[in-house]
1. Which condition from (1) closer than 19 Å to residue 431 by Cβ; (2) without any contact (Cβ under 8 Å) to a residue 12 or more places away in the chain is the one that residue 280 breaks?
2. Of the residues that make up region 409-417, is at least one in contact with a helix residue (DSSP H, G or I) (Cβ under 7 Å, 6 or more places away or on another chain), closer than 26 Å to residue 452 by Cβ and in the same structural domain as residue 519 (by TED's automatic domain parsing)?
3. Could you please give the count of residues in region 357-401 that are out of contact with any helix residue (DSSP H, G or I) (no Cβ under 6 Å at 6 or more places or on another chain) and in a loop (DSSP other than H, G, I, E, B)?
4. Is it the case that residue 381 is within 29 Å of the chain's Cα centre (by Cα), within 30 Å of residue 248 (Cα to Cα) and at pLDDT 95 or above?
5. Being under 21 Å from the mean Cα position of the chain (by Cα) and within 19 Å of residue 534 (Cα to Cα) is the filter here, so list the residues in region 399-418 that pass it.
6. Can you tell me which of (1) part of a strand (DSSP E or B); (2) touching a residue at least 60 places away in the same chain (Cβ under 8 Å) is the one residue 232 doesn't meet?
7. Considering only strands (runs of 3 or more DSSP E) fully contained in region 105-160, which possess at least 2 residues that are over 19 Å from residue 74 (Cα atoms) and more than 32 Å from the chain's Cα centre (by Cα)?
8. Which number in (1) free of Cβ contacts under 8 Å to residues at least 40 places away in the same chain; (2) within 23 Å of the chain's Cα centre (by Cα) marks the one condition that residue 203 misses?
């Protein structure tokens, strides 16, 4: 703000220091309380103002709000927002729960209705104090009923990591710190491997006590969801680390982190087919929701791995050389197309899979009749464990292939409709084909807490051989995955995919593949054809094995 106002907390009692303005500390917000309006603040009879708040309103509202907050008057500060009921607990808890005893809040120049500010604070607990600094911002809007300028309430005003239902608390940590290491004992840190941030937080919450450490005192963001681990903002008293061995591979993880950074939104997971052990998890952006493990998106034509398995299981085809039709279009309540309406005429299942012919994986399934709507989900669960409750060691979305009807059934065979997967699920599809059986992915040993893994029937020998041959054809020669897999050595297989998303110009790009004893899958939002963006991510990860 132009005034350069500063707000301070001294010795546990909030006060205001103002520079270049004509206000005393306690007078900055005098007269703002009393009988109020729907927005919770007093106003004199005056015509309701409309339109965005002007510069003076923005400056004064921000200044008054910061002053009331700094004065330790949570109720008054809350009344200066457009949601006092939600704002008051966080504003009051800043001193009572977070134990902030000293702070200087300095506002920067407003940009329109947004006002950035910095906080230099001291947090104290049981005689131990530590400095704490961060930046945030607020936005000034008009109250809906009064037209009065108010701070648009968001928990992130108090701290950028706060979300609805979360709170700031300084307390003994809910779990001891851990030193997480990979399969070879290499330490895994958030700083070096930022995509592992949420994974490491959850591993600490679940296994910190089992790893042999002792808890310290921390300022944390806590969630109302008991499954969401605390996020540490400041450590006042160091605890004693316990060592937790994971199945991650630091080299593969580093390659995964580098690969996803090439795209705005991308995720990748690598799994060892012979054991189900998760070797890497990476997202870009690296902070926030873990899309790689928890996302739920249509997987596009990577789902043809399961559709092919279903067709084999139902006797609709009997091997890679089976004769199939690949017309440009096929109708199942609505018309479905191949990419650019290509046609292969009468061809083999292997060539249709390699070229990712949509119509081949819709037309032959019509004879299933009423069972067509549930057959795919039954196969996904029976052989690939999709839809079972996976016990990986952290929270995951374990895929969904719900029953469908009409055109939605046809769409599901090519990975659209109601089907929802993430990179972990699709990597497991490829790992199941390579290994011949579903092995539930795991990130830490099952023995740590006696978890019972999800199980599925092994692929029949003929089915496994056929699926491997189909994926090999896709990864070589004229296959849609050949260009992306060209740099990957050894026996390999792959499948491309692209998934249309309503309101999104370009399709999401999907790709899964394996080489040696490593399988991986990636999704790149708006990446277009799977062999392009997502294929490059998977190839980089497989080449790190």
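1. Residue 280 satisfies all of (1) closer than 19 Å to residue 431 by Cβ; (2) without any contact (Cβ under 8 Å) to a residue 12 or more places away in the chain except (2).
2. No: region 409-417 contains no residue that is in contact with a helix residue (DSSP H, G or I) (Cβ under 7 Å, 6 or more places away or on another chain), closer than 26 Å to residue 452 by Cβ and in the same structural domain as residue 519 (by TED's automatic domain parsing).
3. Number satisfying all stated conditions: 11.
4. Yes: the conditions hold for residue 381.
5. Those that are under 21 Å from the mean Cα position of the chain (by Cα) and within 19 Å of residue 534 (Cα to Cα): 415, 416.
6. (2)
7. 114-125, 128-142
8. Exception for residue 203: condition (1).
The values are calculated or read from the model by the stated rules, or taken from the named source; none is laboratory data. Keep in mind the model is a prediction, meaning the values are calculated, not measured. Every residue, glycine among them, receives a Cβ derived from its backbone with ideal geometry; neighbour counts consider all protein chains shown.
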